[in-house]
1. Which residues, taken from segment 109-126, are open to solvent by 10 Å² or more (accessible area, probe 1.4 Å) and closer than 28 Å to Lys252 by Cβ?
2. Just to be sure, is Pro442 open to solvent by less than 20 Å² (accessible area, probe 1.4 Å), within 23 Å of Leu197 (Cβ to Cβ), touching an Asp or Glu at 6+ places or on another chain (Cβ under 8 Å) and at pLDDT 95 or above?
3. Could you tell me which of the residues Thr397, Thr462 is assigned to a loop (DSSP other than H, G, I, E, B) and either of a type in the set (A, V, I, L, M, F, W, C) or farther than 30 Å from Met305 by Cβ (or both)?
4. Restricting the search to segment 279-289, which residues are surrounded by fewer than 23 Cβ atoms within 10 Å (Cβ to Cβ), touching a residue at least 40 places away in the same chain (Cβ under 8 Å) and either on the phi > 0 side of the Ramachandran plot or not in a strand (DSSP E or B) (or both)?
5. As an exercise: evaluate Glu312 against (1) part of a loop (DSSP other than H, G, I, E, B); (2) within 24 Å of Asp432 (Cβ to Cβ); (3) of a type outside the set (Gly, Ala, Ser); (4) open to solvent by less than 50 Å² (accessible area, probe 1.4 Å) and give the number of the one condition it does not meet.
6. Looking only at residues in segment 40-77 that are more than 25 Å from the chain's Cα centre (by Cα), at pLDDT below 75 and not aliphatic (A, V, I, L, M), which one is surrounded by the most Cβ atoms within 10 Å (Cβ to Cβ)?
7. Is it fair to say Ser389 is small (Gly, Ala, Ser), closer than 27 Å to Ile194 by Cβ, under 40 Å from the mean Cα position of the chain (by Cα) and open to solvent by 40 Å² or more (accessible area, probe 1.4 Å)?
Amino acid sequence: MKNDTFSSRRKFLQQVGATGLALGAAPLSSLSAKEKAEERILRYEKKTAPADKVRIGVIGYGVQGHYDLNTALKVPGVELAGICDLYTGRLENAKELHGKDLYTTINYKDLLDRKDIDAILLCTTDVWHARIALDALAKGKHVYCEKPMVYKISEGYPVMEAAKKSGKVFQVGSQRVSSIGYAKAKELLAAGEIGKLNMVNAVYDRQGSIGAWEYTIPKDANAMTTNWDKFIEVTEKMAYDSKKFFWWRAFKEVGTGVAGDLFIHLLSGTHFITNSKGPETIYSTGQLSYWKDGRNLPDVMSGVMQYPDSKEHNAFQLTLQVNFISGTGGQEVIRLIGSEGVIETKGNSITIKHSLMPEAPGFGGYDSLFTFSKKMQDEMQKEYDAKWSEAQRKRPTKEDIVFKAPDGYSDHLDHFTNFFDAIRTGKAVVEDAEFGFRAAAPALACNESYLTKKIISWDPNTMKLK
């Protein structure tokens with residue numbers, strides 16, 4: 001069994017350079033193996049010049065806002081300039097963590113007006129993504145927007161247009177598309193390692209209250225401390241509800257449920273690995289099995305999507321699954337099934353197992369042959385033996401492949417590195433607004449299918465509902 005496990009980042013990057021595997025991008029085919037290795041090493045080890053400093057502001061300092069900021073600050077040359085959140089307790093927390101002089105505000109537009117901020121991390125409730133993204137681009141800010149890129153499919157078009165016209169970097173935060181494991185899967189799929197792709201099974205299960213978004217609600221939560229009137233400016237008017245503020249993913253009025261939170265990861269990863277533009281039919285079903293806490297979106301959900309034949313890939317079917325009360329204890333797996341094997345991705349590691357068919361067709365065993373007369377069986381057996389050799393009747397074998405990321409590797413950090421590199425160099429990001437929308441639209445269509453109990457038709461080329 002082959003094993004691409006590396007003991008250190010440097011050794012790994014050198015191997016990456018030698019094999020032509022890029023971190024979240026296409027192989028740098030114009031460079032030599034040595035130059036490729038150096039490119040990967042320098043990406044993490046080079047010093048940042050003062051002119052390359054990037055100052056960021058965070059809009060939405062909840063769970064993901066904390067994680068995103070902590071990771072962003074690990075990239076050399078990135079500095080924090082301000083934080084916006086509607087809950088006053090999070091602004092206190094921001095000053096406790098980053099210093100009492102840190103600029104904080106409840107009004108994101110005040111943060112966008114600051115000249116010392118180059119880029120924003122947009123980590124708010126889904127329903128606010130489009131409005132803040134448009135305002136940020138209009139103010140000349142680079143934008144890292146958490147997934148899903150938009151709350152409604154209709155919001156995607158103005159965001160894509162604004163990102164294109166702005167000349168600013170816009171990256172969506174599905175970090176797995178920067179994963180070295182997914183890049184390896186992409187490389188091996190394109191090389192025909194599992195034959196022709198025909199199906200993808202994608203699962204993201206959890207088992208636990210935090211995984212089901214039942215986050216701790218602070219004791220001082222009320223309409224004043226959360227600035228509720230501001231929170232619902234982009235929604236229909238609603239009475240204050242602490243769950244809709246702190247558990248917002250579970251409510252369709254402000255969030256997009258398992259489809260927007262987790263289907264989106266599976267779609268982004270599948271699209272990256274396959275180079276797909278998206279499905280043409282989408283159907284989803286779900287139920288409320290366990291977390292009956294007032295939420296109005298399901299805790300168990302499945303989707304089925306059909307991807308058409310295209311120049312990028314053969315036709316394949318994608319199945320999606322999220323189970324918030326899974327007896328597995330939780331899992332995140334994408335299995336790409338081809339005619340000659342399976343690529344299985346788990347985190348940043350992949351395993352490839354092969355199963356090849358023999359050249360000769362099946363004959364005998366669990367077959368209709370034994371139901372014929374003895375004379376007919378003997379005659380046909382003789383003909384079969386004359387036509388097919390022993391070797392042609394055997395299944396060919398092929399080595400399995402195991403690829404593992406080095407200890408301590410973070411696709412989240414790679415995703416942010418891609419974002420800040422693009423700001424500094426002008427290179428394209430791995431997940432721009434169009435890529436983000438191509439993943440978001442099918443995910444959001446899953447909610448529409450679930451709520452209407454209808455199959456949704458989608459044109460992956462024009463990115464329009466049919």
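The values are calculated or read from the model by the stated rules, or taken from the named source; none is laboratory data. As the structure is a prediction and not an experimental result, all values here were calculated from the model. When we count neighbours, we look across all protein chains shown, and the Cβ atoms used for this are built from the backbone with ideal geometry, even at glycine. With ligands, DNA and RNA removed, areas are computed over all heavy atoms of the protein, side chains included. Shrake-Rupley method; radii C 1.70, N 1.55, O 1.52, S 1.80 Å.
1. The initial filter retains those residues of segment 109-126 that are open to solvent by 10 Å² or more (accessible area, probe 1.4 Å), namely 109-110, 113-116, 118, 123-125.
Across segment 109-126, the qualifying residues are Lys109, Cys123, Thr124, Thr125.
2. The answer is no for Pro442.
3. Working: Thr462 fails: either of a type in the set (A, V, I, L, M, F, W, C) or farther than 30 Å from Met305 by Cβ (or both).
One residue alone meets the criteria, Thr397.
4. Glu280
5. Of the numbered conditions (1) part of a loop (DSSP other than H, G, I, E, B); (2) within 24 Å of Asp432 (Cβ to Cβ); (3) of a type outside the set (Gly, Ala, Ser); (4) open to solvent by less than 50 Å² (accessible area, probe 1.4 Å), the odd one out for Glu312 is (4).
6. This residue is Thr48.
7. Here the answer is no, as Ser389 does not meet what is asked.
Residues are listed down the side, and each one gets a yes or a no for (1) open to solvent by 70 Å² or more (accessible area, probe 1.4 Å); (2) touching a helix residue (DSSP H, G or I) at 6+ places or on another chain (Cβ under 9 Å); (3) closer than 30 Å to Thr281 by Cα:
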position: Lys374; (1), (2), (3): yes, no, no
position: Gln377; (1), (2), (3): no, yes, no
position: Thr397; (1), (2), (3): yes, no, no
position: Gly408; (1), (2), (3): yes, yes, no
